[in-house]
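The values are calculated or read from the model by the stated rules, or taken from the named source; none is laboratory data. Everything quoted here is computed from the prediction, not taken from an experiment. Quick reminder, even Gly has a Cβ in these numbers, built from the backbone with ideal geometry, and neighbours come from all protein chains shown. Heavy atoms of the whole protein, side chains included, go into the accessibility calculation; ligands, DNA and RNA do not. Shrake-Rupley method; radii C 1.70, N 1.55, O 1.52, S 1.80 Å.
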Amino acid sequence: MANKKIRPIITIDGPAASGKGTVTKSIANDLNLFYLETGIFYRAIGKLFLVNKKKNNIKIFLNSITQESFFIDKANKQELYNEEVAEIASTLAKLKEVRSFVLAKQLEMLKHYPNKFKGIILEGRDCGTVIAPNADVKFFLNAKLEIRAKRRHQQLFKQDKKTMYEKVYMELKARDDNDISRKNSPLVKAEDAIEIDCSSTDIEETIMIVKKIIFSKLPNFI
Ligand code: DC
């Protein structure tokens, strides 16, 4: 039997609004990698939680989630990108029951993503530490809170979702606090991750920097 080529695993972790989603999507497209957006699982659970009536027992709530209700496609994905869902996602992500429910699904995708892709790139908070600790290349993308808030504020403004900068700043700060201080799988840089501070580089420059490092770490990949 011919040797099956081992496909590389790349992880990009970092706080909210650090640009990791845009960077990961762009690199996945350019290099034909499967894009695993790990936060979307928590957002989907958050959305189901908001509409669920029996919320007092987390185990019963998780058991009530069917494959159909958890199905995420292009059509319903957009409903998951708002502050109400982001906030409940961040709160539920603290619970170990929720984390192990989500982790099982993420590991399943890590193992069985389609053959047409040359590798996989994961983006989130615990990709390099918990989901794929053996990843080939790990990044931790960061930027100062004020810069992230300014960028998020401008992005919302462009989408006609006008809001105060101070409100965006406070919401991001609350999410950082949740993500960093939780007991289970907190947002932390993996020891072997390469940290990139993109406070003073724009998104195109950041993509270039990340790509260059991938090529230097995986010379046989291109
Ligand atoms: O990346 P995002 O903003 O879509 O993530 C939403 C929330 O999900 C985030 O505030 C914390 C949680 N999350 C997590 O705990 N672990 C991940 N790997 C990804 C997201």
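Just for region 182-222: of the residues that are at pLDDT below 95 and polar (S, T, N, Q), which one is most open to solvent (accessible area, probe 1.4 Å)?
Checking each candidate, the answer is ASN220.
Of all residues in region 89-129, which are aliphatic (A, V, I, L, M) and more than 25 Å from GLU171 (Cβ to Cβ)?
LEU103, ALA104, LEU107, MET109, LEU110, ILE120, ILE121
Looking only at region 56-75, decide whether some residue is touching a strand residue (DSSP E or B) at 6+ places or on another chain (Cβ under 7 Å) and open to solvent by 80 Å² or more (accessible area, probe 1.4 Å). Can you show your working first?
If we filter region 56-75 for residues that are touching a strand residue (DSSP E or B) at 6+ places or on another chain (Cβ under 7 Å), which is where we start, we get none.
No, there is no match, as no residue in region 56-75 is touching a strand residue (DSSP E or B) at 6+ places or on another chain (Cβ under 7 Å) and open to solvent by 80 Å² or more (accessible area, probe 1.4 Å).
What are the pairs with Cβ atoms under 6 angstrom where one residue, in region 128-156, is free of Cβ contacts under 8 Å to residues at least 24 places away in the same chain and the other, located anywhere, is open to solvent by 40 Å² or more (accessible area, probe 1.4 Å) and in a loop (DSSP other than H, G, I, E, B)? Sequence gap at least six, or different chains.
Note: pairs meeting the criteria are LEU156/THR163.
Would you kindly identify the helices (runs of 4 or more DSSP H) lying entirely within region 39-137 that contain at least 2 residues that are within 10 Å of the ligand (Cβ to nearest atom) and at negative phi? Spell out the reasoning first.
Working: elements: 39-51, 58-63, 74-77, 83-92, 96-112.
In region 39-137, the matching helices (runs of 4 or more DSSP H) lie at 39-51, 83-92, 96-112.
State yes or no: is ILE196 away from the ligand (no atom under 12 Å from the Cβ) and part of a helix (DSSP H, G or I)? First the steps, then the outcome.
Working: away from the ligand (no atom under 12 Å from the Cβ): yes; part of a helix (DSSP H, G or I): no.
No; evaluated as a whole, the condition is false for this residue.
Being under 24 Å from THR11 (Cα atoms) and touching a Lys or Arg at 6+ places or on another chain (Cβ under 7 Å) is the filter here, so list the residues in region 41-72 that pass it.
PHE41
Do we have any residue at all in region 20-35 that's out of contact with any Pro (no Cβ under 6 Å at 6 or more places or on another chain), within 20 Å of GLU84 (Cβ to Cβ), within 16 Å of the ligand (Cβ to nearest atom) and hydrophobic (A, V, I, L, M, F, W, C)? Reasoning before the result, please.
Here is the first cut: in region 20-35, the residues out of contact with any Pro (no Cβ under 6 Å at 6 or more places or on another chain) are 20-35.
Adding the requirement that they be within 20 Å of GLU84 (Cβ to Cβ) leaves 21.
With within 16 Å of the ligand (Cβ to nearest atom) added as a condition, the list becomes 21.
Checking which are hydrophobic (A, V, I, L, M, F, W, C) leaves us with none.
No: zero hits.
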